[in-house]
1. Among the aspartates and glutamates, select those whose C-alpha is under 15 Å from the C-alpha of residue 369, and discard any that sit fewer than 8 residues away in the same chain.
2. First compute the accessible area of the chain with a 1.4 Å probe, then give the percent of it belonging to carbon and sulfur atoms.
3. Compute the acute angle (0 to 90°) between the alpha-carbon long axis of helix 64-75 and the principal axis of greatest extent of the alpha-carbon atoms of the chain; round to the nearest 10°.
4. Report residue 197's accessible area, 1.4 Å probe, all protein chains in place, as a number in Å² to the nearest 10.
5. Within straight cross-link reach of residue 331, meaning Cα distance under 16 Å, which lysines are found once same-chain residues fewer than 8 apart are removed?
6. Once phi is turned into ³J(HN,Hα) by the Karplus curve 6.51 cos²θ - 1.76 cosθ + 1.60 with θ = phi - 60°, what whole-Hz value does each residue of region 309-325 show in order, with x for glycine and proline?
7. Between residue 89 and residue 188, how high is the FRET efficiency from 1/(1 + (r/R0)^6) when r is the Cβ-Cβ distance and R₀ = 41 Å? Nearest 0.05.
8. Arrange the peptides 257-267, 176-186, 299-309 so that the one whose residues have, on average, the most other Cβ atoms within 10 Å appears first.
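The values are calculated or read from the model by the stated rules, or taken from the named source; none is laboratory data. As the structure is a computational prediction, the values presented were derived from the model and not from experiment. A quick note on method: Cβ atoms are made from the backbone with ideal geometry, for glycine too, and the neighbour counts reach across all protein chains shown. Just so you know, the surface numbers come from the protein's heavy atoms only, side chains and all, with ligands and any DNA or RNA stripped out. Shrake-Rupley method; radii C 1.70, N 1.55, O 1.52, S 1.80 Å.
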Amino acid sequence: MLQFIKSNSLISILLFCLVGGFLAFVQTQQGFTYFPWEIKNYLIGQKLNQGFRLYKDIRDNTGPFATGFYQLLDFFSFSISANPYIAFSIICLQAYLFQRCILQFDLMPKLGGLAFGIYLLLFHLTREFYVPDPALLGLTFLLLTWREIIQQQKTLLVNDRVFLVGVYLATATLLFPAYFWVLPWAILSLLFYSGISIRQIILVLIGYLFVITITSLVFSFRGNLPYLWQVYRQSLFTFQLISWEESKRVLLTFAPAFLLGIWGLYKVVGNPKIRAHAQKAQQTTIIWFFFSFLSMANFPAFHRINFVILLPPLAYFGLNIFYVIKKNWQKELVFVLLVASVFILAKQDYKEGEMTIKQKPLLSISGQKLLVLGPEIHEYLHNEMAGPFVNWELAKPLLSQLNSYKNVITVQEYFAKDQPTYIYDSEGYLPKIGQHLPSITQQYVLVSPKLYRKK
């Protein structure tokens, strides 16, 4: 099998794409309910196209470039059911960039389409990877950064293309704010393993600041720049530790990738087969792996898809096994065991997902203009969303602090701009709103527990 993959790279790549595309199709046919954060991203695109302003009206901490991507999907009428196909297309693009970099700079010769296949395989550990999440979108630009750094390290003659390193990293940060902490990785890799000068380091920073400045000017023009900086201050300098339960879940899901990567890294240390420029690439990727753990402290939530930053380094380290090991039957065995372990974990993940298949809606209404004052975001799949409260955890403080005149005015503007036909008040905030804005709440009557209808 490996001989076919390594000798027919184009055919094997097409084969991997066909198999992955079929799995994406299967994913859409299973009838799983959508992840809450997946629905949130979908709703953000809708609300932006309705004229609500990001961060000022829509209280959320998603990167601005990611929200622009969701706005674009909504503009072209992509439904949420198309997410597996969109995510798979992004993963295929990343796998191509990953393989192309390895082949172009001769990091591991004679691997053919294996690099593409290993990368694609590791993105089937959980169905969470079939969502175009900001972490997945930003990973594309981290791979472009990795490729650019290795190109600069190929020879010690660093050129002014390092400007692109800053551009790519800034784009990744504006897609997923936690990727801000990967910036030191790029600078250290260029300092340690290339002939970069002070002027070229400044050029990297200029490229980074160029993208940030253009984005800031756009937000300033729309009047919501202070809200953008508030989100980034809270995102970048608010650290949290992952719980033990969440750690176990992530470790179990990523176990095949960790075992493959650590074993491959062990096999390559001190191996005379590895060339000088390939050693630089290995060490650069180790630094990436280290700073990945630093960025984890800034994750907005510890969903497994947010940890995709670990997969490219682990896939690259794991490829060393297929390069260093001499006996073909051992390589075949490793590949079969990897496929089997990914299949077992994916099957277990699907069994867990079956528990949430086709959850019955809490509300009997459908196709109505609905505002949910609570975390029940799934109800918006059956109704049209009113108001900008896509992230309840961030919106709740606004409704909890109505003693502030500014907050009262903000809530009043939301109702004036997009008044709902139904309000589902699962946490009892409507009476509190009525104490300050009786003209709004008096328009609604209770028709069932926690559900209000406009008179």
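1. In chain and number order, the partners are 379, 384, 418, 425.
2. Working: 13210 of 20620 Å².
Reported share for carbon and sulfur atoms: 64 percent.
3. With rounding to tens, the tilt is 70 degrees.
4. Roughly 40 Å² of residue 197 is accessible to a 1.4 Å probe.
5. Reachable lysines: 6, 110, 267.
6. Each residue's phi maps through the Karplus curve to give 4, 7, 5, x, x, 5, 5, 5, 4, x, 5, 4, 4, 6, 9, 7, 5 Hz.
7. Values: r = 32 Å, r/R0 = 0.79.
With a Förster radius of 41 Å, E is 0.80.
8. Highest mean packing first, the order is 176-186, 299-309, 257-267.
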